[in-house]
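Only the coordinates and a few stated rules stand behind these numbers; no lab work does. This one's a predicted model, so the numbers in the text were calculated from it and none came from an experiment. Backbone-built Cβ (ideal geometry, glycine too); neighbour counts: all protein chains shown.
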Amino acid sequence: MSPLRIRRRGGEERRTTWPGKDSWLRAAVGLLTGAAVCLILLGYNFSPGRYSLRVGEQSPVLIRAPRMARYLDLEETERLRREAERRVPRQYIARPFAVPDAEKQVDLLCQGILDAKGTQAPEQALDKALPGLTQAASAWLLSVTAQEMEGLRQEARAIVRQVMSQDIREGTADLASARREAEKQARSQYPRAEVGEVLAGIAKRAVAPTSVFDPDATKAARAEARQRVQEVARTIEADDAIIFPGERVTRQHLGMLRALGLSAPGLDYRRFVSTVLIVGFIIALLTVQVRQRMRPVYQSPKLLLLVSLLVVVPLFLTNLLVLALPNVWMLMVPAAALVAAVLLSHTVGLAVALSLSLLVGLMGNAGLPATLLSLGSALAALSYVSHIWPVSRLRWIVGSVAVTNLLLVTAMGLLQARPLLSIAREAGMAGLLYSPAVAALAVGGIFLLQRPFGITTHLGLLELSNPQHPLLRRLQLEAPGTYFASLLVANLAEAAAERAGADALLARVGALYHDIGKLSRPAFFAENQALLGIDNVHDRLSSSLSGLVIMSHVKDGVELARRHRLPGGVVDIIEQHHGKTLVSFFYHRALARERPESVSEEQYRYPGPLPRTKEAALVMLADSLQAATQSLPDPTPQRVQQMVRDIIRDRVVGGQLEECDLTFRDIITVEETATRILTALVCHTRVEYPWPGAPEALTPGPTVALEGPSKGREE
């Protein structure tokens, strides 16, 4: 990243750096991943097998259910809700001043009668103040005194108060019934008909409703009644006909199509915006997890592209197969999580599993059940990810996923009140078919992706450890001594790696291939000369040329490894297994044959680099110990132990292990392991067998049988 100089006010300079190429690549990978996921989710409704139908139009084809599903009967649900609404009565609210207002009305009527008596035409005025009176009642009112009118008013107020003490609802028969009750009470109090008629007329006109209709409360009560009605859920079995050709589409048909994921509604901008926001959040969450917990993956755009593929491709395949296979997310999500865990790390596998589980929940009508089923199955697979090597141990993953899938599908089916036969069918498919398919997809994905992305996995290493590999076959045929020496180095490195907590398989494979550079000139190395039947060619070469040839096998090995596309971890071991050690034999021979001041030590020292991993360091130590063992005269356990200790101390003091993360505890463990193995190899004794034709074989004498003590007697 080249800095850009920006001059501030006052001449001061501020250095600003543009984002690097990797930053732009990471951003591009994130944007492309989000766009691809959004296209898959939003394009779900327009994928093959979906139908765009509307209520009232005729279906052009016969549509059958691809699987069993539960759907909402919208028409029956709406009918029940309307019925519940009808059962809710009108809601009324009490009038707080209904009785005082009625009493005031009594006062106004009485005052109107008194005022009518003082007019020039009292009969007309009285008929206007209290219409409907008979002639006798009108004549009595015109002759009534003020004191009698006051008593009449008090009686009318009492009748109104008593009648209106009950609830009288506006717009109902309550008002007519109350007025009849007022008239009845008024006529019963006075035997004279005209007095009772007047009192009844005043009381009836004063009686009014005590509560009025409340439209807001009525609407709220009916809405609450609708909400209390539960949706009517029905079940459609697999292969049942949903709609026939020419049949009119109803809301119930659309409900079944939506439940089965067969509907293709138009694009809703609200769904578009919500999908983009949720997908952006999930991709950001995945990026943050990778950045914080797996920094090497985040810093490599190539590995970020791999994470993107492990999200997009399984989601796309799920979209294609969701109509054909029930709970297909229980197949795709665990497989993708396993591939991510093996190729990258267990943490990335968990992040991919969580992200995919959330995304499949957004797909179509999958919802929360799909998220729970896929995440549970993926977690079960990741719990045994360490059991993927060797491949025969995949049964642990298969068994774990099978049991988990059976339990999850059964529990979810019971929770959704689905038929037991349907639950058993889907649980059996998820447990018995998806679990081995998850392992198969994971192994296939690992083999397919490890080389393009330059990742070393145990599956690839197991393939390289096969003796039939072309490079190992060439070693056996062209450099047999080197091959058998590499086998011993591999055994030593593997045993030491197991004790030191390193990758034992990587150490073994790296040791098998660490000397493949000797294939360029196998006759120049002592271990091959006797087996190839040739003399030591170094007797005819100068020390400097011999040293150059010996050291060149590292460079030749790296080129050969890259030509055969060996994993990067193995190439690193080939390049680093000698570090910057000295080719001591030819260096000392040069000192003996030439003037010491003319001999440069750097000329006889390997160019490096130093071992940078535990595995490379262990191969270096194993290679040095194996070579020293071959030249150890009269080996004894004490000499072997001292030889191992001296060589390891020489490598430590010489700074050859400075760049790797071997600890002193690891070094002590390696020393003990190597001593035990090499002692057993070179210090064991055998019974001396007589060979045919030897004098001892022809001399009769006692013979000891080797089969066991029962035959160990003299003949």
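Packing order of peptides 246-253, 155-162, highest average first: 155-162, 246-253 (average count of other Cβ atoms within 10 Å over each peptide's residues).
Scanning residues 5 or more positions from residue 247 or on other chains, those with amide H under 5 Å from its amide H are 59, with H placed 1.01 Å from N in the peptide plane.
Rounded to the nearest 0.05, the FRET efficiency derived from the C-beta distance between residue 600 and residue 447 at R0 = 35 Å is 0.15.
Working from Cα positions, state the angle (0 to 90°, nearest 10) between the long axis of helix 269-293 and the longest principal axis of the chain. Approximately 40 degrees, to the nearest 10. Going by neighbour counts of Cβ atoms within 10 Å, the residues 552, 138, 546, 188 line up, fewest first, as 188, 552, 138, 546. Beta bridges from DSSP with both residues in the chain: antiparallel share about 90 percent, rounded to the nearest 5.
Think of the chain as having a plus end and a minus end, set by charges on the Cβ of Lys, Arg, Asp and Glu; of 322, 152, 582, 152 sits farthest toward the positive end of this dipole. Taking other C-beta atoms within 10 Å as the exposure proxy, 329, 24 rank 24, 329 from fewest upward. Protection proxy ranking for 631-642, 518-529, 464-475, using the average of other Cβ atoms within 10 Å per residue and placing the highest first: 518-529, 464-475, 631-642.
In order along the range 353-363, the phi-based Karplus estimate (6.51 cos²θ - 1.76 cosθ + 1.60, θ = phi - 60°) of 3J(HN,Hα) comes to 4, 5, 5, 5, 5, 5, 6, 5, x, 7, 6 Hz; Gly and Pro are listed as x.
What shape does the range 469-682 have by the C-alpha gyration tensor, where a ≥ b ≥ c are the square roots of the eigenvalues, rounded means a/c under 1.5, and otherwise prolate means a/b greater than b/c and oblate the rest? Rounded shape, in that the Cα axes give a/c under 1.5. Helix 394-415 against the longest principal axis of the chain: what's the angle in degrees, Cα atoms only, rounded to the nearest 10? Helix 394-415 sits at roughly 0 degrees to that axis. Helical content alone sets the calculated 222 nm signal of the chain at -20000 deg cm²/dmol, taking -39,500 (n - 2.57) per DSSP H segment of four or more residues and averaging over every residue. How would the range 269-455 be classified by its alpha-carbon gyration tensor: rounded, prolate or oblate, with rounded meaning a/c under 1.5 and the a/b versus b/c comparison settling the rest? It comes out oblate by the Cα gyration axes.
Remark: relative contact order (the range 469-682) = 23 percent; criterion is Cα-Cα distance under 8 angstrom and separation of 6 or more residues. Taking the longest Cα principal axis of the chain as reference, the axis of helix 480-500 is set at about 50 degrees. For the range 92-213, relative contact order (Cα pairs under 8 Å, six or more residues apart, normalised by length) works out to 38 percent. Near residue 64, the amide H atoms lying under 5 Å from its own belong to 242; only residues 5 or more places off or on other chains count, and H is placed 1.01 Å from N.
Each of 451, 563 was scored by other Cβ atoms within 10 Å of its Cβ. Listed from fewest to most, they are 563, 451.
Net charge of the neighbourhood of residue 103, taken over other residues with C-beta under 10 Å away and scored Lys/Arg +1, Asp/Glu -1, is +2. Entry note, the range 286-421: relative contact order of 20 percent, from Cα contacts under 8 Å with a spacing of 6+ residues.
With the simple spin-label model, which puts each label point 7 Å out from Cα in the Cβ direction, the residue 415 to residue 241 separation comes to 3.7 nm. Working ranking of peptides 354-360, 418-424, 675-681 by packing, defined as the average number of other Cβ atoms within 10 Å per residue, highest first, is 354-360, 675-681, 418-424. For the range 92-213, rounded, prolate or oblate, judged on the Cα gyration tensor with a ≥ b ≥ c (square roots of eigenvalues), a/c < 1.5 rounded, else prolate if a/b > b/c? Cα axes put the range 92-213 in the prolate bin.
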